[in-house]
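First up is the structure itself, then whatever we jot down about it.
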Amino acid sequence: MADESYPDELLYHPEHDWARVEGDSATFGITWYAQDALGEVVFFDPPETGIEVTKDTPYTEVESVKAVSEVYAPLSGEVTEVNAAVAESPEKINDDPYAEGWLVKVKLSDPSEADGLLDAAAYRKLLEENE
Amino acid sequence: MSTAAALRRTPLYDAHVAAGARIVPFAGFEMPVQYEGVRREHLAVRDSCGVFDVSHMGEIATTGPDAEALLQRLLSNDVSKLEPGGAQYSCLCREDGGVLDDLFTYRLGEQRYLTVTNAANRDSDFEWFAEHAGDFDAEVRDAGDEYAMLAVQGPRARELAGGLADAQLPPRMRTATLRIAGAEALACGTGYTGEDGVELLLAPEAARGVWDALLAAGAVPAGLGARDTLRLEVCLHLYGNDLGVERTPIEGGLGWCCKEDTGFIGSDAVATVRERGPAERLVPFVLTGRGIPRPGNRMLHRAEPVGEVTSGTHSPSLEVGIGMGYVSAELAEPGTELEIDVRGTRRPARVERKPLYTRERH
């Protein structure tokens, strides 16, 4: 399992999701905190490419042996790619949540929505407050 | 109202925290659900040896000249067959055959028995025992706080626990009083994982020393998460999920531990269901594709709802979704194709024989 980290170049959603925004596209995944809370991920059923996801709304699930966790879209758009390697080896979400463990790539419908997300410092503060 | 304040801790609570456990409320106790991870702990028990703190389970001591007669009335199995030093599994039934609990009884002496109850049923089982003891020359005592209990399970369990013991460990379904890591223990050749091993009943103050000695010997601490996946792979029932007052043991596949001619409470109802054949049966199943079934998921056959999943999880040993649930008896045949509605996605499943996991096949 990876060590706790929240990379500065990512944006964060309070439901413990991250977005790597590049122009009008973004990659989504779940944060170190989310995968740690869930435990060893044993199942990820990726959404279909082409579906629309909506900011603040669950778009898929990840499952540990014990629990099912909904994954929220940090931003809105259309899924253009899913991480088939994670569907095959879901433990990548635990091992490398911000790189190999990414879940979907999305063509953003409104890139300005990103202004509403948290930076790494604000997300860390949120985690501390929730402790 | 704070519910946390009402939660109890076992004598090993500090040991769990020290071992990095994630603690959850379970049956009124703060219990370790996992340490390093459910999968790893599960596989440690299948491949080597794990140790579980099961001190939250209840114990009822039944003693006296009529102890056997009282237990024969309460328990579904034939208690007269239980010899001193023996262990026996049975159901505790209501008059209508509904299952109040499933439990192990150990015969410690001619007139001394110890029955281990599920944690959630500690108080209600004892009340049931006490209520029915009046007609017998026997004493029942709630001994739940007199014991800590460790389950040492896995192919290396006997080697590791035996290495700390001053006498031979009891074989399967037998008990022995011995010293382990310096502490007096009632060792029982029982468990809930499908693996060989022993369960150790100890004085609460002795539990930490034995726990530490087992860990030092190489046993992996394992939590409730692994306990659940291990028992489900071998189709052992979880009371409250797979068994309850609304079913008789026959539907649950526990007819083998019901001896109706002993006249236990509920025996008439159980005999009727056995004779008639149960309308529904508890069946184990595997998902033939991807996904994880969960308790409460609807079970379908040819698109018609036929039941509900009572236990479901990801099997770390088989690496597929597995579960159990009640379906009408004609669908209980191994090989029957089902679908499990997992939160809106219908996932193909197949009824299997139990156990789902055996070492020989996997």
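The values are calculated or read from the model by the stated rules, or taken from the named source; none is laboratory data. All of these numbers come straight from a predicted model, not from anything done at the bench. As a convention, Cβ positions derive from the backbone with ideal geometry for all residues, glycine included, and neighbour counts pool all protein chains shown.
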Exercise. For B:P334, all conditions in the list (1) surrounded by fewer than 15 Cβ atoms within 10 Å (Cβ to Cβ); (2) more than 14 Å from chain A (Cβ to nearest Cβ); (3) within 21 Å of the chain's Cα centre (by Cα); (4) in contact (Cβ under 8 Å) with a residue 12 or more places away in the chain hold save one; what is the number of the exception?
Worked result: (3)
Problem set entry | Unique residue being in a helix (DSSP H, G or I) and farther than 25 Å from A:G39 by Cβ when the list is A:E113, A:E78 | A:E113
Seminar exercise, completed: Filter segment A:1-31 for residues that are of a type in the set (A, V, I, L, M) and closer than 18 Å to A:F44 by Cβ; the one that is surrounded by the most Cβ atoms within 10 Å (Cβ to Cβ) is A:I30
Exercise. So is B:L356 in a loop (DSSP other than H, G, I, E, B) and surrounded by 15 or more Cβ atoms within 10 Å (Cβ to Cβ) or not?
Worked result: yes
Problem set entry | Criterion: buried (at least 16 other Cβ atoms within 10 Å of the Cβ), modelled with pLDDT of 95 or more and more than 14 Å from chain B (Cβ to nearest Cβ) - qualifying residue of A:A114, A:A34 | A:A34
Exercise. Considering segment B:272-306 alone, what residues qualify as being within 14 Å of chain A (Cβ to nearest Cβ) and not basic (K, R)?
Worked result: B:L287, B:G289, B:G291, B:I292, B:P293, B:P295, B:G296, B:N297
For this session: Could you tell me whether A:Y12 is more than 14 Å from every other protein chain (Cβ to nearest Cβ), touching an Asp or Glu at 6+ places or on another chain (Cβ under 9 Å) and modelled with pLDDT of 95 or more?
Result: yes
For this session: May I ask you to say which residue of A:K105, A:K125, A:K92 is more than 22 Å from A:M1 (Cα to Cα) and under 14 Å from the mean Cα position of the chain (by Cα)?
Result: A:K105
Seminar exercise, completed: Residues of segment A:42-59 being within 9 Å of chain B (Cβ to nearest Cβ) and buried (at least 19 other Cβ atoms within 10 Å of the Cβ), in sequence order, are A:V42
Problem set entry | Residue count, segment B:214-233 (criterion: in a loop (DSSP other than H, G, I, E, B) and either within 14 Å of chain A (Cβ to nearest Cβ) or closer than 19 Å to B:Q88 by Cβ (or both)) | 2
For this session: Answer yes or no as to whether B:R346 is surrounded by fewer than 19 Cβ atoms within 10 Å (Cβ to Cβ) and away from chain A (no Cβ under 14 Å).
Result: no
For this session: Return a yes/no flag: does segment B:159-180 have any residue that is over 28 Å from B:T62 (Cα atoms), within 14 Å of chain A (Cβ to nearest Cβ), out of contact with any Cys (no Cβ under 7 Å at 6 or more places or on another chain) and outside any loop (DSSP other than H, G, I, E, B).
Result: no
Exercise. Within segment B:314-339, how many residues turn out to be more than 21 Å from B:G225 (Cβ to Cβ) and either of a type in the set (G, A, S) or in contact with a strand residue (DSSP E or B) (Cβ under 9 Å, 6 or more places away or on another chain) (or both)?
Worked result: 13
Seminar exercise, completed: Those residues of segment A:60-75 that are farther than 16 Å from A:A37 by Cβ and surrounded by fewer than 20 Cβ atoms within 10 Å (Cβ to Cβ) come to a total of 0
Seminar exercise, completed: Restricting attention to segment A:100-131, the residues that are touching a helix residue (DSSP H, G or I) at 6+ places or on another chain (Cβ under 8 Å) and of a type in the set (D, E) number exactly 1
